[in-house]
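The values are calculated or read from the model by the stated rules, or taken from the named source; none is laboratory data. Nothing here was measured: the structure is a model prediction, and the numbers come from that model. Positions of Cβ are generated from backbone atoms using ideal geometry, with glycine treated the same way; all protein chains shown enter the neighbour counts.
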Amino acid sequence: MPVDYPPVGFHFAVAFQDLDGASRDTRFQSVSGLSATVETEEVREGGENRFKHKLPTGTTCDLLELRRGLVLDSALERWCRDAIEHFVFKPINVQISLLGETHQPIASWRVVNAFPVRWSVSEFDAQQSAVAIETLQLQYQYFRRLNT
């Protein structure tokens with residue numbers, strides 16, 4: 001069923017494929033980095049001084065950033081620690097789905113061969129009443145929109 005209005009950005013789901021025991025690792029506060037840029041190369045044409053040709057050379061993607069309340073002893077945390085502490089990388093696919101009113105995906109994206117490059121925990125501050133937030137940044141090859 002087509003959506004006739006812009007969907008909200010706060011109702012979404014994240015799923016990690018081939019990550020055993022990741023059922024607790026699906027709730028996130030925010031997801032960003034679904035962005036791709038086409039790189040170009042400038043080429044001068046002999047005798048043409050008015051402009052340079054810009055030719056596409058490839059595509060680069062931003063880092064995928066996932067933020068959530070700190071979860072202790074999760075499959076996602078173990079996957080990150082293996083990469084960061086032991087330098088053992090196991091790229092996985094991540095699916096991000098924007099959900100509609102009935103909690104069904106209305107748009108989904110598959111992030112291919114993602115692996116952690118940064119993991120951080122928010123500042124601890126005794127003067128603030130805030131949840132400890134962990135931020136995970138993933139490098140990936142590319143993403144694509146899935147048919148939903």
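Quick one: which residue in 138, 98 is at pLDDT 95 or above, of a type outside the set (Val, Ile, Thr) and assigned to a strand (DSSP E or B)? Sole residue among the options that is at pLDDT 95 or above, of a type outside the set (Val, Ile, Thr) and assigned to a strand (DSSP E or B): 138.
Here residue 145 fits the description: surrounded by fewer than 16 Cβ atoms within 10 Å (Cβ to Cβ), part of a strand (DSSP E or B) and at pLDDT 90 or above. Suppose we keep only residues that are in contact with a Ser or Thr (Cβ under 7 Å, 6 or more places away or on another chain) and surrounded by 14 or more Cβ atoms within 10 Å (Cβ to Cβ) within the stretch 97-131. Which one would you say is nearest to residue 12 (Cα to Cα)? Looking at residues that are in contact with a Ser or Thr (Cβ under 7 Å, 6 or more places away or on another chain) and surrounded by 14 or more Cβ atoms within 10 Å (Cβ to Cβ), I get 97.
Look at the stretch 1-29: where a residue is at pLDDT below 75 and among the β-branched types (Val, Ile, Thr) and a partner is assigned to a strand (DSSP E or B) and surrounded by 12 or more Cβ atoms within 10 Å (Cβ to Cβ), sitting 6+ places away or on another chain with Cβ atoms under 7 Å, you get 3/106.
Remark: pairs (first residue in the stretch 100-111, within 17 Å of residue 16 (Cα to Cα) and of a type in the set (Phe, Trp, Tyr); second residue at pLDDT 85 or above and surrounded by fewer than 16 Cβ atoms within 10 Å (Cβ to Cβ); Cβ separation under 6 Å; 6+ apart in sequence or on different chains) = 109/34; 109/145. The number of residues in the stretch 105-128 being at pLDDT below 90 and among the polar types (S, T, N, Q) comes to 1. Of all residues in the stretch 104-132, those satisfying the criterion of being under 21 Å from residue 69 (Cβ atoms) and part of a loop (DSSP other than H, G, I, E, B) are 122, 123, 124, 125, 126, 127, 128, 129, 130, 131, 132.
Applying the criterion of being surrounded by 16 or more Cβ atoms within 10 Å (Cβ to Cβ) and among the hydrophobic types (A, V, I, L, M, F, W, C) to the residues of the stretch 85-96, the residue that is nearest to residue 10 (Cα to Cα) is 96. Would you confirm whether any residue within the stretch 42-57 is under 19 Å from the mean Cα position of the chain (by Cα) and either among the small types (Gly, Ala, Ser) or modelled with pLDDT under 95 (or both)? Within the stretch 42-57, not a single residue is under 19 Å from the mean Cα position of the chain (by Cα) and either among the small types (Gly, Ala, Ser) or modelled with pLDDT under 95 (or both). Quick check on the stretch 52-84: of everything there that is among the acidic types (Asp, Glu) and not in a strand (DSSP E or B), which residue is surrounded by the most Cβ atoms within 10 Å (Cβ to Cβ)? Ranking the candidates gives 77 first.
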